[in-house]
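**Student:** My questions will all concern the structure given below.
The values are calculated or read from the model by the stated rules, or taken from the named source; none is laboratory data. Given the structure is predicted, the values throughout are model-derived calculations rather than measurements. When we count neighbours, we look across all protein chains shown, and the Cβ atoms used for this are built from the backbone with ideal geometry, even at glycine.
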Amino acid sequence: MELQGVNTSGTTGASLEVKALQLAKSDQEIKGQATLQLLESAADVPKVSSNPAIGSNVNTTA
């Protein structure tokens, strides 16, 4: 009689679940670091021109 569905490699469902959770955590940490880098780089951009007259007159005629 042959048993079907038996995992012969010794890997159980629980260990696969742990590995999947570890990979998800790692992915989340990488994405979090990328988000922080993006926010930090956006903080370096000047928000207001030093000359307030620049951009106040817009020519709308073609």
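**Student:** Going residue by residue through region 53-61, is there one that turns out to be at pLDDT below 80 and under 25 Å from the mean Cα position of the chain (by Cα)?
**Tutor:** No, because not a single residue in region 53-61 is at pLDDT below 80 and under 25 Å from the mean Cα position of the chain (by Cα).
**Student:** Among the residues of region 1-17, which ones are loosely packed, with under 10 Cβ neighbours inside 10 Å and at pLDDT 75 or above?
**Tutor:** Initially, region 1-17 is screened for residues loosely packed, with under 10 Cβ neighbours inside 10 Å, giving 1-10, 13-14.
Passing the criteria: 13, 14.
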